[in-house]
Amino acid sequence: MEKAIVMNTQKFSLHDGGGIRTLIFLKGCALHCPWCANPESQKREIEVMRKQSLCIQCSAPSCQACNQSSAFCPTGAMAEIGEWMDVDQVVRIATKDAIFYEATSGGVTFSGGEPMEWAAFLREAIPKLKAEGIHVAVETCGAGPLEAYEALEQEVDLWLFDLKIADDQEAQRVLGASFEALFSRLVLLREAQAKVVVRIPLIPGYTATKANLIQIADRVRSLHIEEIHLLPFHQYGEGKYQALGREYALEGVNPMGKEEVESFRGIFEERGFRVQIGG
Amino acid sequence: MNRFEKMKQSLLAHPREISIERARYYTESYRLTMGESVNLRRAKATAHILDSVEISLREGEILAGNRTVKPRSGIMSPEMSPYWIYEERNSLGSRPQDPFVFNDTERKEFEEDLYPYWKEKSLKDKIEDLIPAEVQAARDTKIVKLNQTDKGQGHIIPDFERVLKLGIIGLLEEVESQSPQTEIHQAMSITLRAVSRHILRYGEMIEIEKTKRMDPKRVEELEELRHIVVRVATEAPQTFYEAVQLFWFINLALQYESNASSISCGRFDQYMVPYLERDLKRGLSEEKLKEILKMLWIKMNDVVLLRSQESAKYFAGFPTGYTIILGGIDAEGCDAVNLLSEWILETYAEIRLPQPNLGVRVNERTPESFFRKTAETIRLGTGIPQVFNDEVIIPGFLNRGISLTDARDYAVVGCVELSLPGKLYGLHDIALFNLLKVLEVVLQEHASKITSYRCLVDTIKATIQTYVKRMVEGSNVVDGAHAKFAPIPLLSSLMEECVATSRDVTSGGMKYNFSGVQGIGTANLSDALFAIKRLVFEEKQMSLEELQQILAVDYQGEEILRQRLIHRYKKFGNDQEEVDAIGAEFLRFYCEEVVQYENTRGGRFMPGSYTVSAHVPLGEAVGATPDGRKAREQLADGGLSPMVGRDKEGPTAVLQSVSRLDHTLLTNGSLLNVKFHPATLEGEAGIKRMVGYLKAYMRLKIQHIQFNIVSAETLRAAQAHPEKYSDLVIRVAGYSAIFVELNKRIQEDIIARTEHQL
């Protein structure tokens, strides 16, 4: 049976696919977006996070300075992020709330990291969920292997496809991948007539420029995709960088104001997209 | 400001006072009836009150009937117990929870006249004399708490359908045509005739009021009201207006009789809708009919209960229990939602006060539109309506020998107590059983001798058995004392079975006679036992005795252990079968113990699990426990809710865990609190989500659920600026209350209950 590093599972998620959903976050991502709100999802390995807010200073003046193991930590301030789970373990968690999925047209969403980097795992897990009648969504940025998309294009009910920076060179520099390469997965899915919603994070100084968004809009339009979700920048990830002991490129940047978000919405509506703000 | 907004404001503007009138006239009558039977004395006392209390009509009112001249005044029943009033007479106006001003003249009258008269003669005296020593010992451990030793029983739904169909004249005819005529019938007849006279007094007063008015519109209104009042003083109502007016007068009269909590309204939408439909057919305007409803909702908030300081801890915010249940299914099993069910939710949304305490019955046949309307009303954030599940409650009643037709007609009294209108006297709140306290006592007495987890479980079960038996004995003493010393002839006269069998409600006159006893602390017990199982018996980190010693000193010097117990061991409420199964096992055991016993009215004991706000005082009675809970900290709220702050997996996991408990067994009622952040329910998506969540709740066979939809920020702001939030209504437990009228401790409890969002 396949295994994957599961970063976290989140029940009662109201985003990322509709209805009440369970989100399964798989750890590891080929991209290194500087704004990533889940930096603990990037490395394909189990790592330790230190959350000062939970620390009761039982063994050291602060969580960062603590020499105890995460197994000792009484409150979970210092905790291992990620756990190897096999397909059946994940399926068991993912089917727990089936009664809620049914009542609200919800389901299960695989997210990450980049879940498509765990293609073999998904190929085993998703049919098991489908057999239980569960709606399955996958959130991807296109960074998984091409054959993985080919294998899953018919199995997945909804693809949440993130696009970020349309300029190829800029994408290489900032994200660590070519836009064309990422976009080719989207093309593949659309050719297979898979249901896709494109999602664009609005990040000041990176993605949230008129030129970038117009470029993305035009490329997506050519694929006859109808729905776009714009995800305004927020600072919920800030504390996590600290907890991981990492630098954060967007420290102190203000969350995006409503007006600015609305102006970006216009770009897409003018081009005939149905636009939703937030996931 | 419209008429109702004005009335609502003036209702909340006055400081609450105590009105001594009821106590005065009751006592006056009792002095004159010495030597007569208790049935007649009680009937005559009620009649004297009805003939003597000052009556009033407030500005703008279109329904008559005020229990007290000043709004929201407390009335007293020293015949039940004069002691707490005497002890608290000087602090009632300043106590932290539910203060009432006791003015000097009336306080003096109480001290000098009423207290000396009732001292050593009250129901409380009689009960305490009869309590056996071992029951008293069980009370002293705080495992068992007996209720209703010092107040009227209430907790019943009169047969309002019958009342409206017959009118007072018809009720009297039924009583007086029974043969042979008994003293019980005579008592009923005395009270019914007094109700009729009482209503006629209103007719005369309105006539006088009318002459003082210049505004022709108001004069016309008063003339209509007078006409209606005079009619319903004897005749059966023909119109919706008349039906509501009679309904309200009967409610007030029942208050004078017993001053008891939760003489509830039952399925108001079912028995009132024929009148409404007839009026609509006759061409009456929808607006006018809705105004009558809104007026009634306001009036239901005018009646508040004066409780002792101790009782106010358990039932903070003076809930009266004008509980109305909407929807459900009819006698044939078809969907029973009607036009009035919807109107009630709509008109409530305009008034938004703690009463009526609305509940909605849902089942697989409930229309989507009614689910939506329910979700929209819940979203308003007042905690109303609460939701009850036909899919588990009806089978539960069948399992207790109730007929299918009767079970389908269930309704709710008080907070969440399951009852049958006009057919069931359930003594729903006769006792509380503190399951977590059992664990503490077991550890204190047996820790050194318990060598395995199984042994611990068995010892706890044996202890539950012992104390359930004592609780039953104690409850039966209280039950018997009410029958002997506090019959309620007026209430009994409204019940067909009581009239036909010539028996009072308190003496087994109802078709079904239960006694309801609550098992409290399931979540804490699950968490504590799971922690012991792991820490002591599997990981062998310490012996049970060592753990007990740490608990005995309230974790002093062991904060690391306490934190580990809180954070590193699974807890009830997170969809973890291992933990949830412990709670399920003990709750089932408790239920099966309880139903073996009979009460004094030929019925059985019924298990329930709801705390109202009792989880705070019940927690005060329990020392530190192995779930990381410190001594005197509250227990899990509600009854079935997870411990505050320990449910980390969100509201779907809460339902999954709670559904592992067998709700079919909890035939006395149960309670589950869930708190959502308002953002969760925003927009159309929010309504759909709530509808779906409710359907999942229904399919998971959970009995009851209620919601608080208000953000912690709003509640904090209300604490800081109570003057700006004088009408912020929130859910306490099984009932709603005005947030700023709750004491700090309960406010904090409500804020702390995990708020689920996104």
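The values are calculated or read from the model by the stated rules, or taken from the named source; none is laboratory data. All figures in this text were calculated on a predicted structure; none of them were measured in a lab. So basically every Cβ, Gly included, is an ideal-geometry build from the backbone, and we count neighbours across all protein chains shown. Note: accessible area is taken over every heavy atom of the protein model, side chains too, but ligands, DNA and RNA are not part of it. Shrake-Rupley method; radii C 1.70, N 1.55, O 1.52, S 1.80 Å.
Annotations for the structure displayed:
- Top-ranked residue in the stretch B:551-570 [being more than 14 Å from chain A (Cβ to nearest Cβ) and part of a helix (DSSP H, G or I); ranked as most open to solvent (accessible area, probe 1.4 Å)]: B:Ala552
- From A:Tyr241, A:Tyr206, A:Tyr248, residue being open to solvent by 50 Å² or more (accessible area, probe 1.4 Å) and among the aromatic types (Phe, Trp, Tyr): A:Tyr206
- Within the set A:Leu250, A:Leu231, A:Leu223, the sole residue that is in contact with a helix residue (DSSP H, G or I) (Cβ under 6 Å, 6 or more places away or on another chain), in the same structural domain as A:Gly17 (by TED's automatic domain parsing) and either in contact (Cβ under 8 Å) with a residue 24 or more places away in the chain or not hydroxyl-bearing (Ser, Thr, Tyr) (or both) turns out to be A:Leu223.
- Every condition in (1) more than 30 Å from A:Leu230 (Cα to Cα); (2) touching a Ser or Thr at 6+ places or on another chain (Cβ under 9 Å) is met by A:Glu2 except one, and the failing one is (2).
- If the condition is being among the β-branched types (Val, Ile, Thr) and either part of a helix (DSSP H, G or I) or open to solvent by 30 Å² or more (accessible area, probe 1.4 Å) (or both), then the stretch B:38-56 contributes B:Val38, B:Thr46, B:Ile49.
- Qualifying residue in the stretch B:571-582 (condition: away from chain A (no Cβ under 14 Å), in contact with a Lys or Arg (Cβ under 6 Å, 6 or more places away or on another chain) and open to solvent by less than 20 Å² (accessible area, probe 1.4 Å)): yes
- Lone qualifier among B:Gly154, B:Gly170, B:Gly203 - being at positive phi and either in contact (Cβ under 8 Å) with a residue 24 or more places away in the chain or assigned to a helix (DSSP H, G or I) (or both): B:Gly154
- Among (1) open to solvent by 10 Å² or more (accessible area, probe 1.4 Å); (2) part of a helix (DSSP H, G or I); (3) under 22 Å from B:Leu666 (Cβ atoms); (4) not aliphatic (A, V, I, L, M), the one test that B:Phe397 misses: (1)
- Residues that are open to solvent by less than 10 Å² (accessible area, probe 1.4 Å), of a type outside the set (A, V, I, L, M, F, W, C) and within 12 Å of A:Gly112 (Cα to Cα) within the stretch A:3-23 are absent altogether.
- Residue in the stretch B:635-647 that is modelled with pLDDT of 95 or more and surrounded by fewer than 19 Cβ atoms within 10 Å (Cβ to Cβ) present: no
- The residue that is farthest from B:Glu21 (Cα to Cα), among those in the stretch B:127-140 that are of a type outside the set (A, V, I, L, M, F, W, C) and at pLDDT 95 or above, is B:Glu134.
- Residues that are farther than 30 Å from B:Leu490 by Cα and open to solvent by less than 50 Å² (accessible area, probe 1.4 Å) within the stretch B:124-164 comprise B:Pro132, B:Val135, B:Ala137, B:Ala138, B:Arg139, B:Thr141, B:Ile143, B:Val144, listed in sequence order.
- The one condition in (1) within 14 Å of chain A (Cβ to nearest Cβ); (2) in contact with a strand residue (DSSP E or B) (Cβ under 6 Å, 6 or more places away or on another chain) that B:Phe605 fails to fulfil: (1)
- Checked against (1) within 28 Å of B:Val553 (Cα to Cα); (2) more than 14 Å from every other protein chain (Cβ to nearest Cβ); (3) basic (Lys, Arg), B:Arg646 passes all but condition (2).
- Filtered residues of the stretch A:32-59 (kept if away from chain B (no Cβ under 14 Å) and under 27 Å from A:Val91 (Cβ atoms)): A:Asn38, A:Glu40, A:Ser41, A:Gln42, A:Lys43, A:Arg44, A:Glu45, A:Ile46, A:Glu47, A:Met49
- Checking each residue in the stretch B:585-611 for being surrounded by fewer than 24 Cβ atoms within 10 Å (Cβ to Cβ) and part of a strand (DSSP E or B) picks out B:Glu598, B:Arg604.
Residues checked against (1) of a type in the set (S, T, N, Q); (2) not in a helix (DSSP H, G or I):
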{"residue": "B:Ala636", "(1), (2)": "no, yes"}
{"residue": "B:Pro642", "(1), (2)": "no, yes"}
{"residue": "B:Arg646", "(1), (2)": "no, yes"}
{"residue": "B:Gln656", "(1), (2)": "yes, no"}
{"residue": "B:Thr667", "(1), (2)": "yes, yes"}
{"residue": "B:Val674", "(1), (2)": "no, yes"}
{"residue": "B:Thr680", "(1), (2)": "yes, no"}
{"residue": "B:Glu684", "(1), (2)": "no, no"}
{"residue": "B:Lys701", "(1), (2)": "no, yes"}
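- Filter result (free of Cβ contacts under 8 Å to residues at least 24 places away in the same chain and farther than 27 Å from B:Pro71 by Cα) within the stretch B:14-49: B:Leu32, B:Thr33, B:Met34, B:Gly35, B:Glu36, B:Arg41
- Residue check for B:Ile730: assigned to a helix (DSSP H, G or I), modelled with pLDDT under 85 and either crowded, with 21+ Cβ neighbours inside 10 Å or touching a Lys or Arg at 6+ places or on another chain (Cβ under 7 Å) (or both): no
- Between B:Leu284, B:Leu293, the distinction of being over 28 Å from B:Pro487 (Cα atoms), surrounded by fewer than 22 Cβ atoms within 10 Å (Cβ to Cβ) and aliphatic (A, V, I, L, M) belongs to B:Leu284 only.
- Residue within the stretch A:164-174 that is in contact with a His (Cβ under 8 Å, 6 or more places away or on another chain), under 30 Å from A:Ser105 (Cβ atoms), in a loop (DSSP other than H, G, I, E, B) and open to solvent by 20 Å² or more (accessible area, probe 1.4 Å) present: no
- Evaluating B:Arg213 against the criteria (1) among the basic types (Lys, Arg); (2) in a helix (DSSP H, G or I); (3) modelled with pLDDT under 95 leaves one unmet condition, (2).
- 1 or more residues in contact with a Ser or Thr (Cβ under 8 Å, 6 or more places away or on another chain): qualifying strands (runs of 3 or more DSSP E) within the stretch A:194-277: A:196-202
- For the stretch B:659-718, a residue qualifies if it is open to solvent by 10 Å² or more (accessible area, probe 1.4 Å), within 14 Å of chain A (Cβ to nearest Cβ) and without any contact (Cβ under 8 Å) to a residue 40 or more places away in the chain, and the qualifying residues are B:Glu682, B:Gly683, B:Glu684, B:Ala685, B:Lys688, B:Arg689.
- Candidate set: the stretch B:741-758, residues that are modelled with pLDDT of 75 or more and open to solvent by 40 Å² or more (accessible area, probe 1.4 Å); chosen: the one nearest to the other protein chains (Cβ to nearest Cβ): B:Ala752
- Count - residues of the stretch B:618-634 that are under 20 Å from A:Pro74 (Cβ atoms), open to solvent by 10 Å² or more (accessible area, probe 1.4 Å) and more than 27 Å from the chain's Cα centre (by Cα): 2
- When the stretch B:25-54 is filtered for residues that are of a type outside the set (Phe, Trp, Tyr) and under 27 Å from the mean Cα position of the chain (by Cα), the ones remaining, listed by number, are B:Asn39, B:Arg42, B:Ala43, B:Ala45, B:Thr46, B:Ala47, B:Ile49, B:Leu50, B:Val53.
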